[in-house]
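K.L.:
Here's a structure for you.
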Amino acid sequence: MTVTVDKESVRISPEDLKEVAARLLSKVGVPEEQAFRAADVMVNADLKGVESHGVRWLDIYLKRIQAGSVNPVTELKVIREKAGLLLLDAQNGLGQVALSKGVEMGIAKARTAGVCIVGVRNTNHCGALGYYAEMATKANMAAIVMTNGTPLMAPWGGVTPCIGTNPISFATPGAEGPVILDMATSASARGKVFVAAQKGTQLPDGIALNKAGEPTTDPKEALEGLLLPVGGPKGYGLSLIIDIMAGIMTGSNHGQNITSLYGDLETAQHIGHFAIIVNIDDFLPLTDFFTGMEQSRRELKGSKLAKGFDQIFLPGEIEANTVRQRKQQGAIIPVATWNILQDWLRKLNIQ
């Protein structure tokens with residue numbers, strides 16, 4: 001294993017980073033195949049340059065497994081099944097394993113039903129949603145994926161945390177690669193606030209409030225306070241709809257019923273995931289779809305540039321470029337994250 005360390009970051013091959021993550025998970029009881037599946041989701045985020053959703057999450061996952069609030073073995077139980085519908089119970093297993101398996105099952109059903117809606121209840125934090133939406137594009141399908149989580153935002157006009165930063169991802173295949181939108185419904189994902197606190201950098205204005213309900217750019221104050229919704233009332237409304245679809249409709253916890261991911265290690269969160277998978281070829285021939293996607297791409301790329309911009313990017317394009325680069329040069333994670341992983345390797349007696 002070759003690791004290059006500088007003042008702020010560590011560079012390591014994606015395969016080695018995945019091996020480290022999987023071995024840590026296996027050591028606390030996660031079956032090997034499931035450990036590598038979860039590790040792949042996390043390392044994929046680091047390869048995209050989205051370190052807020054990468055292997056930094058291992059610390060809390062390992063703590064929660066050891067505390068008994070997450071089941072290390074993920075077994076999906078089918079609660080309800082129809083031609084284009086699946087409701088699954090993850091039995092408190094790892095979110096990455098539950099959602100990736102659920103999407104795989106949904107893709108198989110969408111081949112014959114045209115569309116499959118997948119709900120997963122009794123599950124846990126699953127990392128970056130773009131990973132799961134992208135799974136559908138590899139089968140020439142489109143997907144919408146969402147999940148709910150710990151209440152970190154107030155309803156628009158309030159200062160009491162009632163709702164999560166509930167993310168959503170949309171993805172379709174494209175002539176030059178998939179188009180993937182992956183976003184939190186807060187002005188910033190909480191993971192990015194953690195990274196800012198870790199690095200000692202300030203947040204932009206309009207991201208967060210402190211615990212007194214006052215605007216702050218201090219990430220440590222933000223972690224104790226509230227995150228603001230993206231687009232004001234629009235982000236709040238979108239977050240609420242996701243909480244309804246992924247939480248209430250799947251029979252999962254929602255809103256203030258979801259306990260803190262970090263503050264209550266011994267209580268299971270029982271959150272929900274929700275995915276819609278569409279077989280494009282059942283709407284129109286794939287050749288026609290790709291022709292339309294290429295026309296759209298040309299028009300967007302050909303837009304006259306605004307001052308300060310040198311090119312137009314489609315959603316997911318910057319991340320795809322970063323993945324290509326880092327697969328050759330190595331994944332990059334913060335030194336602080338690497339040190340935490342090293343602590344866990346020592347703690348679990350892994351060479």
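The values are calculated or read from the model by the stated rules, or taken from the named source; none is laboratory data. This one's a predicted model, so the numbers in the text were calculated from it and none came from an experiment. In this analysis, Cβ positions are derived from the backbone assuming ideal geometry, glycine residues included, and neighbour counts consider all displayed protein chains. Heads up: the accessible areas ignore ligands, DNA and RNA and are worked out on the full protein's heavy atoms, side chains in. Shrake-Rupley method; radii C 1.70, N 1.55, O 1.52, S 1.80 Å.
K.L.:
Do we find that Gln311 is of a type outside the set (A, V, I, L, M, F, W, C) and part of a helix (DSSP H, G or I) in this structure?
P.N.:
Details: of a type outside the set (A, V, I, L, M, F, W, C): yes; part of a helix (DSSP H, G or I): no.
Taking the combined requirement at face value, the residue does not satisfy it.
K.L.:
Now a separate question. Report yes if some residue within the stretch 250-261 is in a loop (DSSP other than H, G, I, E, B) and modelled with pLDDT under 95; otherwise report no. Working first, answer last.
P.N.:
Applying the first criterion (in a loop (DSSP other than H, G, I, E, B)) to the stretch 250-261 yields 250-254, 258-261.
Among the residues that remain, those that are also modelled with pLDDT under 95 are: 260-261.
Scanning the stretch 250-261, I find at least one residue that is in a loop (DSSP other than H, G, I, E, B) and modelled with pLDDT under 95, so the answer is yes.
K.L.:
Could you check how many residues of the stretch 77-100 are more than 18 Å from Gly247 (Cβ to Cβ) and in contact (Cβ under 8 Å) with a residue 40 or more places away in the chain? Lay out the reasoning, then the answer.
P.N.:
As a first pass, look at the stretch 77-100 and keep what is more than 18 Å from Gly247 (Cβ to Cβ): 77-78, 81-84, 94, 96-97, 100.
Among the residues that remain, those that are also in contact (Cβ under 8 Å) with a residue 40 or more places away in the chain are: 94, 96-97, 100.
Residues flagged as more than 18 Å from Gly247 (Cβ to Cβ) and in contact (Cβ under 8 Å) with a residue 40 or more places away in the chain within the stretch 77-100 amount to 4.
K.L.:
OK, next. State all residues of the stretch 174-189 that are under 22 Å from the mean Cα position of the chain (by Cα) and either assigned to a loop (DSSP other than H, G, I, E, B) or free of Cβ contacts under 8 Å to residues at least 40 places away in the same chain (or both); if no residue qualifies, say none. I'd like the intermediate steps shown before the answer.
P.N.:
Our first condition is that a residue be under 22 Å from the mean Cα position of the chain (by Cα); within the stretch 174-189, this holds for 174, 177-189.
Answer for the stretch 174-189, where residues must be under 22 Å from the mean Cα position of the chain (by Cα) and either assigned to a loop (DSSP other than H, G, I, E, B) or free of Cβ contacts under 8 Å to residues at least 40 places away in the same chain (or both): Gly174, Pro178, Ala184, Thr185, Ala187, Ser188, Ala189.
K.L.:
Filter the stretch 299-329 down to the residues that are within 17 Å of Ser52 (Cα to Cα) and not acidic (Asp, Glu) and list them by number. Break it down stepwise before answering.
P.N.:
Here is the first cut: in the stretch 299-329, the ones within 17 Å of Ser52 (Cα to Cα) are 316, 318-320, 322-323, 326.
Within the stretch 299-329, Gly316, Ile318, Ala320, Thr322, Val323, Arg326 meet the criteria.
K.L.:
Name the residue that is farthest from Gly149 (Cα to Cα), counting only residues in the stretch 215-239 that are outside any loop (DSSP other than H, G, I, E, B), touching a helix residue (DSSP H, G or I) at 6+ places or on another chain (Cβ under 9 Å) and open to solvent by 20 Å² or more (accessible area, probe 1.4 Å). So that I can check it myself, show each step before the final result.
P.N.:
Initially, the stretch 215-239 is screened for residues outside any loop (DSSP other than H, G, I, E, B), giving 215-216, 219-224, 226-227, 229, 233-239.
Keeping just the survivors that are touching a helix residue (DSSP H, G or I) at 6+ places or on another chain (Cβ under 9 Å) gives 216, 219-220, 222-223, 227, 229.
Next, from what is left, pick out any that are open to solvent by 20 Å² or more (accessible area, probe 1.4 Å): 220, 223.
Details: Lys220: 20, Leu223: 15 Å.
Selected residue: Lys220.
K.L.:
Then there's this: Would you point out the residue of the stretch 325-347, among those that are basic (Lys, Arg) and closer than 18 Å to Pro14 by Cβ, that is surrounded by the fewest Cβ atoms within 10 Å (Cβ to Cβ)? So that I can check it myself, show each step before the final result.
P.N.:
In the first step, residues of the stretch 325-347 are kept if they are basic (Lys, Arg); the result is 326-327, 346-347.
Next, only the ones that are closer than 18 Å to Pro14 by Cβ stay: 326-327.
Values: Arg326: 19, Lys327: 13.
Among them, the one singled out is Lys327.
K.L.:
Okay, moving on. Identify the residue in the stretch 271-288 that is outside any strand (DSSP E or B) and among the β-branched types (Val, Ile, Thr) and, among all such residues, is surrounded by the fewest Cβ atoms within 10 Å (Cβ to Cβ). Steps first, answer last, please.
P.N.:
Taking the stretch 271-288 and keeping what is outside any strand (DSSP E or B), we get 280-288.
After this cut, where a residue has to be among the β-branched types (Val, Ile, Thr) as well, the list is 280, 287.
Values: Ile280: 22, Thr287: 9.
Here the answer is Thr287.
K.L.:
Does the stretch 60-95 hold any residues that are in contact with a Ser or Thr (Cβ under 8 Å, 6 or more places away or on another chain), more than 30 Å from Val115 (Cβ to Cβ) and open to solvent by 20 Å² or more (accessible area, probe 1.4 Å), and which are they? Reasoning before the result, please.
P.N.:
Looking only at the stretch 60-95, we keep the residues that are in contact with a Ser or Thr (Cβ under 8 Å, 6 or more places away or on another chain), and these are 69, 83, 87, 90-95.
Narrowing the set further to residues that are more than 30 Å from Val115 (Cβ to Cβ) leaves 69.
Scanning the stretch 60-95 gives no hits.
K.L.:
Name the residue, out of Ala212, Ala110, that is open to solvent by less than 30 Å² (accessible area, probe 1.4 Å), outside any strand (DSSP E or B) and out of contact with any Lys or Arg (no Cβ under 6 Å at 6 or more places or on another chain).
P.N.:
Numbers: Ala212 fails: open to solvent by less than 30 Å² (accessible area, probe 1.4 Å).
One residue alone meets the criteria, Ala110.
K.L.:
Within the stretch 158-173, identify whether any single residue is under 22 Å from Gly49 (Cα atoms), in a strand (DSSP E or B) and open to solvent by 50 Å² or more (accessible area, probe 1.4 Å), and answer yes or no.
P.N.:
We begin by selecting, within the stretch 158-173, every residue under 22 Å from Gly49 (Cα atoms); these are 165-173.
Next, from what is left, pick out any that are in a strand (DSSP E or B): 168-172.
If we keep only those that are open to solvent by 50 Å² or more (accessible area, probe 1.4 Å) too, we end up with 170.
Taking every residue of the stretch 158-173 in turn, at least one turns out to be under 22 Å from Gly49 (Cα atoms), in a strand (DSSP E or B) and open to solvent by 50 Å² or more (accessible area, probe 1.4 Å).
K.L.:
May I pose another question? Could you tell me whether Gln295 is of a type in the set (S, T, N, Q), closer than 24 Å to Asp40 by Cβ, open to solvent by 50 Å² or more (accessible area, probe 1.4 Å) and outside any strand (DSSP E or B)?
P.N.:
Details: of a type in the set (S, T, N, Q): yes; closer than 24 Å to Asp40 by Cβ: no; open to solvent by 50 Å² or more (accessible area, probe 1.4 Å): yes; outside any strand (DSSP E or B): yes.
No: the conditions fail for Gln295.
K.L.:
Also, I was wondering about something else. Here is a check on your reading of the model: is Glu294 touching a Lys or Arg at 6+ places or on another chain (Cβ under 9 Å) and not hydrophobic (A, V, I, L, M, F, W, C)?
P.N.:
Values: touching a Lys or Arg at 6+ places or on another chain (Cβ under 9 Å): no; not hydrophobic (A, V, I, L, M, F, W, C): yes.
No: the conditions fail for Glu294.
Rundown of residues vs (1) closer than 30 Å to Asp16 by Cα; (2) of a type in the set (S, T, N, Q); (3) out of contact with any strand residue (DSSP E or B) (no Cβ under 9 Å at 6 or more places or on another chain), yes/no style:
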position	(1), (2), (3)
Gly308	no, no, yes
Ile333	yes, no, no
Leu345	yes, no, yes
Leu348	yes, no, yes
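K.L.:
Report, by residue number, each residue of the stretch 241-260 that is open to solvent by 70 Å² or more (accessible area, probe 1.4 Å) and under 18 Å from the mean Cα position of the chain (by Cα).
P.N.:
From the stretch 241-260, those open to solvent by 70 Å² or more (accessible area, probe 1.4 Å) are 241, 248-249, 256-257; that's our starting set.
Answer for the stretch 241-260, where residues must be open to solvent by 70 Å² or more (accessible area, probe 1.4 Å) and under 18 Å from the mean Cα position of the chain (by Cα): just Ile241.
K.L.:
Now for a separate question. What's the number of the only condition in (1) over 25 Å from Met183 (Cα atoms); (2) open to solvent by 10 Å² or more (accessible area, probe 1.4 Å); (3) aliphatic (A, V, I, L, M) that Val50 fails to meet?
P.N.:
(1)
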